[in-house]
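The values are calculated or read from the model by the stated rules, or taken from the named source; none is laboratory data. Remember, it's a predicted structure, so these values are computed and weren't measured experimentally. When we count neighbours, we look across all protein chains shown, and the Cβ atoms used for this are built from the backbone with ideal geometry, even at glycine. We work out accessible area using only protein heavy atoms, side chains counted, and drop any ligands, DNA or RNA first. Shrake-Rupley method; radii C 1.70, N 1.55, O 1.52, S 1.80 Å.
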Amino acid sequence: MANLITTRDNILFYLKKNKGIWVSGESLSSHLDVSRAAVNKHIKRLRQEGYTIESSTKKGYFLKTFDDLLLADEIREGLDTRIIGKTDILHLKETDSTNLQAKNLAAEGAPEGTLVVAEHQHSGRGRKGRTWFSPPGIGIYSSLILRPAISPTEAPGITLMTAVAAVEAVIALTGIPARIKWPNDIMVKNRKLAGILTEISTEMDSVDFIIVGFGMNVNTPADDFPSDIKEIATSVYAETGKHFPRVKMLQTYLKNFEIHYETFKKEGFSGIREKWKAFTEIIGKKVTVRKVAGEITGKVVDVDHEGVLILQDGNEEIHRIFSGDLLV
Ligand code: BTN
């Protein structure tokens, strides 16, 4: 994960420059001043990363495709951020959960902005112990490591802020009229398009690290959703009938994320609150919230500067709700 240009990077650059053209092993090794054995070794490594590189003893190498894999170099290329996803990106073909992997890296000292992405999660996790459907190659499964100097009580604001970054990316790139359902579901009408799972590690009363897990159904065909979520899930493909490049979606989300995160670090959730409110339709509506202790029904008065839902029940009593599931 070092930030140095390596022989591998140079080989990849050369192959990309000559995409669609055969490049001889000899020209690679003389152009980059490395041995043929080193070229072979790095080609093997690039294949393991996910690049499709054909080889022929006569013609050399041919970079066939890397289309829409969430490869570190593809994400980094054209990513206009300062820290987020800029240096350390770990791309996994398959993993249990990117949040778990990011947590392990963070515990070992990985810096703020480290990004873990996977093509497939076999134990993708959702909020409240639920699972997150994570089929290979068609969704975004990503986790960011953050180390903000905030108190743990401010951390929920980061989840709300992330929802703004995600919904803005969806609207800007696809035109889908996505909205935020409190606290952080990205919805299209009554179907869920994306979700956020934030996990926090604290030390005394400060934050050690925060993992922001983001999952989005991008190219999932509607029929592929398992029966228990078929009626309540959607994808960009299901909404538009078109496949969408996941790398582009992820880059735009990361860019938005960094902008809002900078604001958050200076002003807390207050600095993003109006934006968040503009993407939700619940203010003034009658809703029911399911909490561990039971359900409360009332009118949504506001979402306050900490992202707390303010509800007024039938007896005019005001409830401050920190977490729960909104039933609509
Ligand atoms: C939810 O709405 O329940 C939250 C879903 C969060 C899913 C993402 S996918 C990437 C990251 N890794 C996980 O295991 N979960 C989050």
Residues within the stretch 113-137 that are touching a residue at least 40 places away in the same chain (Cβ under 8 Å), open to solvent by 40 Å² or more (accessible area, probe 1.4 Å) and more than 8 Å from the ligand (Cβ to nearest atom), tallied: 2
Enumeration of residues in the stretch 34-66 that are under 23 Å from the mean Cα position of the chain (by Cα) and touching a residue at least 24 places away in the same chain (Cβ under 8 Å): Glu49, Gly50, Tyr51
Every residue from the stretch 90-112 that is crowded, with 16+ Cβ neighbours inside 10 Å and more than 21 Å from Gly195 (Cα to Cα): Leu105, Ala106, Ala110, Glu112
Residues that are assigned to a strand (DSSP E or B) and modelled with pLDDT under 90, drawn from the stretch 291-320: Lys291, Gly294
Flag for Gly85 being at positive phi and either more than 16 Å from the ligand (Cβ to nearest atom) or among the aromatic types (Phe, Trp, Tyr) (or both): no
All positions within the stretch 269-290 that are outside any strand (DSSP E or B) and in contact with a strand residue (DSSP E or B) (Cβ under 8 Å, 6 or more places away or on another chain): Arg273, Trp276, Lys277, Phe279, Thr280, Glu281, Ile282, Ile283, Gly284, Lys285
Output for the stretch 155-197, where each listed residue is open to solvent by 30 Å² or more (accessible area, probe 1.4 Å), at pLDDT below 95 and either touching a strand residue (DSSP E or B) at 6+ places or on another chain (Cβ under 8 Å) or within 14 Å of the ligand (Cβ to nearest atom) (or both): Pro156, Lys181
Extreme residue, least open to solvent (accessible area, probe 1.4 Å), among residues of the stretch 203-218 that are away from the ligand (no atom under 15 Å from the Cβ) and aliphatic (A, V, I, L, M): Val207
Qualifying positions in the stretch 17-31 - over 37 Å from the mean Cα position of the chain (by Cα) and in a loop (DSSP other than H, G, I, E, B): Ser24
Residue within the stretch 145-152 that is of a type in the set (Gly, Ala, Ser), touching a Ser or Thr at 6+ places or on another chain (Cβ under 8 Å) and crowded, with 21+ Cβ neighbours inside 10 Å present: no
